[in-house]
Amino acid sequence: VRSLAFVAECYGKIIISEKALPVEQKTIKPISVGGIAGGEKYIVNGILFKFAAGDNASMIYGNEENAQKVASHELRGLNEFYLSGVEDLCYPMMALV
């Protein structure tokens, strides 16, 4: 788990540092997996990254700060599932970068 978090952090830094670049210049290209609420989405090494920022996030949630709050609430909700103690409950690993 620790190494997966390190990998997610490394790829997250790349995605964030290239935010302002045109798509054709990005090392990791955004993909279309449906929906616009989570912002731009990227999949790298089986890890889904959602960039809670940009025009779509602002359009849906009013501004980027609200979009980031929604992402935080998603993490809190997932944590509650984890803490529920329900056996054999499957859920994704998630981190906010």
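The values are calculated or read from the model by the stated rules, or taken from the named source; none is laboratory data. Note that the coordinates shown come from a computational prediction; the quantities given were computed from them, not determined experimentally. When we count neighbours, we look across all protein chains shown, and the Cβ atoms used for this are built from the backbone with ideal geometry, even at glycine. Each accessible area value is taken on the protein alone, full model and side chains, heavy atoms only, with ligands, DNA and RNA left out. Shrake-Rupley method; radii C 1.70, N 1.55, O 1.52, S 1.80 Å.
What are the residues in the range 74-95 that are within 22 Å of Ile43 (Cα to Cα), among the hydrophobic types (A, V, I, L, M, F, W, C), open to solvent by less than 90 Å² (accessible area, probe 1.4 Å) and not in a helix (DSSP H, G or I), if any? Passing the criteria: Met94, Ala95. Being touching a residue at least 24 places away in the same chain (Cβ under 8 Å), more than 21 Å from Phe6 (Cα to Cα) and outside any helix (DSSP H, G or I) is the requirement here; does Gly34 meet it? The answer is no for Gly34. Among the criteria (1) of a type in the set (A, V, I, L, M); (2) exposed (fewer than 14 other Cβ atoms within 10 Å of the Cβ); (3) in contact (Cβ under 8 Å) with a residue 24 or more places away in the chain, the one Ile60 does not fulfil is (2).
Scanning the range 37-50 for residues being in a loop (DSSP other than H, G, I, E, B) and open to solvent by less than 70 Å² (accessible area, probe 1.4 Å) gives a total of 3. Picking from residues in the range 9-30 that are within 23 Å of Lys69 (Cα to Cα) and among the β-branched types (Val, Ile, Thr), the one that is most open to solvent (accessible area, probe 1.4 Å) is Ile16. Restricting Ala57, Ala71, Ala53 to those that are part of a helix (DSSP H, G or I) and within 14 Å of Leu96 (Cα to Cα) reduces the list to Ala71.
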